[in-house]
Amino acid sequence: MPGYDTHIRTLDIGGRDYRIRSLVDVQQFADPDQLAERAGISSAQWSLFGHVWPAGRLLAETMATFDVAGKRILEIGCGIGLASLVLRQRGADVVASDHHPLAEVFLAYNAALNGMPAVPYRTLRWDVENASLGRFDLVIGSDVLYERGHAVALSALLLRHAQPAAEVMIIDPGRGNNGPFTRALQAQGYVLHEQRSPMNEGELPPFRGRLLHYRRDAAASAGLLQ
């Protein structure tokens with residue numbers, strides 16, 4: 001990709017090899033068309049989307065065996081989109097989304113690299129309503145609670161785009177911002193099942209990572225959806 005150093009790695013996810021093009025390091029910044037400025041993304045954060053982070057890999061591994069039959073799935077803040085690629089390979093009805101202008105390009109390239117059809121993609125700001133996106137049975141994300149304000153934005157997004165009976169799966173690497181998010185989802189009728197998980201190979205318990213699995217039945221959401 002012009003302006004960037006990339007490499008292709010082979011990752012074993014759920015017993016299957018995936019070839020993934022990602023950025024070589026997190027210091028790269030090339031923006032000749034001022035995409036970063038228009039998107040409101042700083043140069044320090046610009047290249048973070050283009051890497052396979054431990055939380056993203058754990059989400060992909062979780063999706064390799066998760067029950068997705070008959071579910072419409074949305075990945076938020078997909079970045080490199082590894083979980084969406086795994087779901088696409090399984091034949092799931094998945095839509096990947098991100099706010100970064102280059103996320104779609106990398107996702108399409110990686111889908112082709114693995115001989116699969118392109119993953120449906122939508123540019124999605126968490127704080128902007130998008131009625132055309134519709135509602136989903138399962139919403140997933142990895143390391144999407146890295147700032148305190150994200151709990152409010154994401155809980156509002158779920159109110160708009162989750163079905164009455166829905167699941168939310170978030171991988172939190174231990175940033176400490178999951179409490180407000182959990183309380184906001186409990187107010188929407190969700191029940192949390194939390195599992196501690198290692199973020200890196202060789203990590204010893206108590207693990208800092210959390211697999212946050214929220215569930216809501218249709219009765220619990222009565223009166224919440226507009």
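The values are calculated or read from the model by the stated rules, or taken from the named source; none is laboratory data. Bear in mind the structure is a predicted one, so any value in this text is a computation, not a measurement. Glycine gets a Cβ as well: all are built from the backbone with ideal geometry, and neighbour counts include every protein chain shown. Remember, those area values only see protein heavy atoms, side chains included, never the ligands or the DNA or RNA. Shrake-Rupley method; radii C 1.70, N 1.55, O 1.52, S 1.80 Å.
Being under 15 Å from Ala96 (Cβ atoms) and open to solvent by 20 Å² or more (accessible area, probe 1.4 Å): is that true of Pro180 here?
Numbers: under 15 Å from Ala96 (Cβ atoms): no; open to solvent by 20 Å² or more (accessible area, probe 1.4 Å): yes.
Answer is no for this residue.
Close Cβ contacts (under 7 Å, 6 or more residues apart or on different chains) running from residues in the range 150-174 that are in contact (Cβ under 8 Å) with a residue 40 or more places away in the chain and closer than 21 Å to Leu58 by Cβ to residues that are open to solvent by 40 Å² or more (accessible area, probe 1.4 Å) and among the hydrophobic types (A, V, I, L, M, F, W, C) comprise Leu154/Trp126.
Is one or more of the residues making up the range 132-149 in contact with a Leu (Cβ under 9 Å, 6 or more places away or on another chain), farther than 21 Å from Leu82 by Cα, of a type in the set (Asp, Glu) and without any contact (Cβ under 8 Å) to a residue 40 or more places away in the chain? For the range 132-149, residues in contact with a Leu (Cβ under 9 Å, 6 or more places away or on another chain), farther than 21 Å from Leu82 by Cα, of a type in the set (Asp, Glu) and without any contact (Cβ under 8 Å) to a residue 40 or more places away in the chain: absent. Could we say that Pro101 is in contact with an Asp or Glu (Cβ under 9 Å, 6 or more places away or on another chain), farther than 30 Å from Gln195 by Cα, open to solvent by 20 Å² or more (accessible area, probe 1.4 Å) and of a type outside the set (D, E, K, R) here? Yes; evaluated as a whole, the condition is true for this residue.
Among the residues of the range 83-97, the one identified as open to solvent by 10 Å² or more (accessible area, probe 1.4 Å) and either touching a residue at least 60 places away in the same chain (Cβ under 8 Å) or within 8 Å of the chain's Cα centre (by Cα) (or both) is Gln89.
Checking the stated criteria, Arg215 turns out to be open to solvent by 90 Å² or more (accessible area, probe 1.4 Å), under 21 Å from Phe66 (Cα atoms) and among the charged types (D, E, K, R). Ile80 fails exactly one of the following numbered conditions: (1) of a type in the set (A, V, I, L, M, F, W, C); (2) part of a helix (DSSP H, G or I); (3) crowded, with 17+ Cβ neighbours inside 10 Å. What is the number of that condition? The one condition Ile80 does not meet is (2). Among the residues of the range 120-151, those identified as small (Gly, Ala, Ser), open to solvent by less than 90 Å² (accessible area, probe 1.4 Å) and either over 25 Å from Val52 (Cα atoms) or more than 14 Å from the chain's Cα centre (by Cα) (or both) are Ser132, Gly134, Gly149, Ala151.
Scanning the range 183-212 for residues that are open to solvent by less than 50 Å² (accessible area, probe 1.4 Å) and closer than 18 Å to His161 by Cβ turns up Ala184, Leu185, Gln188, Gly189, Tyr190, Leu212. Do the conditions hold for Glu167, that is, is it of a type in the set (Asp, Glu), crowded, with 16+ Cβ neighbours inside 10 Å and closer than 22 Å to Asp67 by Cβ? Criteria met by Glu167.
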